[in-house]
1. Tell me which residues, restricted to the range 128-165, are open to solvent by 30 Å² or more (accessible area, probe 1.4 Å) and β-branched (Val, Ile, Thr).
2. From Ser174, Ser152, grab the single residue that is under 13 Å from Leu72 (Cβ atoms), at pLDDT 95 or above, in contact with a Ser or Thr (Cβ under 7 Å, 6 or more places away or on another chain) and hydroxyl-bearing (Ser, Thr, Tyr).
3. If you check Ile80, Ile37, Ile88, Ile74, which single one turns out to be under 20 Å from Asn134 (Cα atoms) and modelled with pLDDT under 95?
4. What are the residues in the range 48-79 that are in a loop (DSSP other than H, G, I, E, B), surrounded by 21 or more Cβ atoms within 10 Å (Cβ to Cβ) and not aromatic (Phe, Trp, Tyr), if any?
5. What number of residues within the range 22-47 are part of a loop (DSSP other than H, G, I, E, B), open to solvent by 40 Å² or more (accessible area, probe 1.4 Å), touching an Asp or Glu at 6+ places or on another chain (Cβ under 9 Å) and not small (Gly, Ala, Ser)?
6. Only one of Asp110, Asp179, Asp168 is more than 30 Å from Gln63 (Cβ to Cβ) and loosely packed, with under 15 Cβ neighbours inside 10 Å; which?
7. Return yes when Trp101 is among the aromatic types (Phe, Trp, Tyr), open to solvent by less than 70 Å² (accessible area, probe 1.4 Å) and under 25 Å from Thr56 (Cβ atoms) and no when it is not.
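The values are calculated or read from the model by the stated rules, or taken from the named source; none is laboratory data. Everything numeric in this text was worked out from a predicted model, so none of it was measured. Here the Cβ positions follow ideal geometry from the backbone for every residue, glycine too, while neighbour counts run over all protein chains shown. To get the accessible areas, we keep the full protein, side chains included, count just its heavy atoms, and leave off ligands, DNA and RNA. Shrake-Rupley method; radii C 1.70, N 1.55, O 1.52, S 1.80 Å.
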Amino acid sequence: IYSLSGYVHVMSGAILTIEPGTIIFGDSVGVNSALIINRGAQIIANGRADAPIVFTSIAPAGQRAAGDWGGLIICGRAPINNPGGEAILEGGFDANDKTRWYYGGSNANDNSGILRYVRVEFGGIALQPNQELNGITLGGIGRGTIIDHVQSSYANDDAFEWFGGTVDAKYLISNGALD
């Protein structure tokens, strides 16, 4: 069991491995938190049917609500439909620091890791008008990434929001999302 403290960035060159059955809580309700996998980094969240990886609210069961925390964000280096080939993700804070929040590039086979048997729930926060984080936000994710058997529940915006990329995801479930 782990708890995020604010915005946790996994930076280029790093690999975050999360064991099957792990539970990760967002920060205190009302405090913005999210897990952000930046370009060049990877997340290896390879759960199992009998031991899924769960990202959820730290609020007690029965008191959890959409928007309790920011959700899971993955930024890759695959092509996007944007002049210049890259962009800052919705909700990104520092347009001058391209090591965080930026996505896109020219590598259609980019590998941002594995999301398998993962559930993300009660995520999604509005940082600014029309600048929302979602349950799961994917920017420029390449086809070298594996995304299958993934569920996003009770997101305060989109369950899954894609910004470009070439990943082939399968077995996705969305329920209770606001948008």
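1. Of everything in the range 128-165, just one residue is open to solvent by 30 Å² or more (accessible area, probe 1.4 Å) and β-branched (Val, Ile, Thr), namely Ile146.
2. Working: Ser174 fails: under 13 Å from Leu72 (Cβ atoms).
After applying the criteria, what remains is Ser152.
3. Numbers: Ile80 fails: modelled with pLDDT under 95; Ile37 fails: modelled with pLDDT under 95; Ile74 fails: modelled with pLDDT under 95.
Checking each option against the conditions leaves just Ile88.
4. Ser57, Gly67, Asp68, Gly70, Gly71, Gly76, Arg77, Ala78
5. 1
6. Values: Asp110 fails: loosely packed, with under 15 Cβ neighbours inside 10 Å; Asp179 fails: more than 30 Å from Gln63 (Cβ to Cβ).
From the options Asp110, Asp179, Asp168, the qualifying one is Asp168.
7. On the way: among the aromatic types (Phe, Trp, Tyr): yes; open to solvent by less than 70 Å² (accessible area, probe 1.4 Å): yes; under 25 Å from Thr56 (Cβ atoms): yes.
Against the criterion (among the aromatic types (Phe, Trp, Tyr), open to solvent by less than 70 Å² (accessible area, probe 1.4 Å) and under 25 Å from Thr56 (Cβ atoms)), Trp101 qualifies.
A quick yes/no check of all residues on (1) over 11 Å from the mean Cα position of the chain (by Cα); (2) among the polar types (S, T, N, Q):
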position	(1), (2)
Asn107	yes, yes
Val120	no, no
Ile136	no, no
Gly142	yes, no
Glu161	no, no
Thr166	yes, yes
